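The values are calculated or read from the model by the stated rules, or taken from the named source; none is laboratory data. Small disclaimer: the values here were computed from a predicted structure and weren't measured. Using ideal geometry, Cβ is built from the backbone for each residue, glycine included, and neighbour counts are taken over all protein chains shown. Side chains included, ligands, DNA and RNA excluded: accessible areas come from the protein's heavy atoms. Shrake-Rupley method; radii C 1.70, N 1.55, O 1.52, S 1.80 Å.
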Amino acid sequence: MTQILLVLLLMCVVTGRGTNERVGDSLQVTLPMAALVCTVARGRGPEYLGRFVLLTFGIQTPKHLLGSHNINRRPNGGLKGMPSGHTAAAAFGATGLLQTCLNSSRVGQVTAVLSAGYVAGSRIEAEKHTLWQSVAGGLWGVLAQTLTWSGLTRTWRRLRRRRALT
């Protein structure tokens, strides 16, 4: 899996046409998609999708609730900056990869974590998010993946057992 991840990340760099923002845009999709593939291959796709719904809810809700508060202002003047959704998605994907396909590959783990960090840096450099918005997004991505891992796993197993009994 490490080799596949490295090829995917290289493709993100090539298709990013030399701008950090575009590379970050590609990585914020590639990391969660790669984690989805790994999770589905292990028969845990519905759990991953449940965590992804939670992730999305946790990104969008603060953006709307915070309105025009300073913490929600983007450096470029826009609103709905808290938290960084790109960084949250990348951290979510990287954490998912660490928990599944990359749990025995140190090179793959470092690559996934650095890639998520790259996304955060690209958002700051492009003046789409502040440092704190990116940090909040990264933390939320990790939390959405790790804290719900065991809870959703237990729930999903219970549902499968009930279906097997009927």
Index of the failed condition, I4 passing every other in (1) buried (at least 17 other Cβ atoms within 10 Å of the Cβ); (2) at pLDDT below 90; (3) out of contact with any Lys or Arg (no Cβ under 9 Å at 6 or more places or on another chain): (1)
Note on segment 37-70: residues of a type in the set (A, V, I, L, M) and either modelled with pLDDT under 95 or surrounded by 18 or more Cβ atoms within 10 Å (Cβ to Cβ) (or both) are V37, V40, A41, L49, V53, L54, L55, I59
Consider segment 1-29. How many of its residues are within 20 Å of E125 (Cα to Cα) and not basic (K, R)? 17
When residues of segment 101-110 are limited to those that are open to solvent by 10 Å² or more (accessible area, probe 1.4 Å) and under 21 Å from V40 (Cα atoms), the one modelled with the lowest pLDDT: N103
In segment 4-57, what residues are in contact (Cβ under 8 Å) with a residue 40 or more places away in the chain and of a type in the set (K, R)? R42, R44, R51
Helices (runs of 4 or more DSSP H) within segment 63-166 that include 2 or more residues in contact with a Cys (Cβ under 9 Å, 6 or more places away or on another chain): 85-99, 106-125
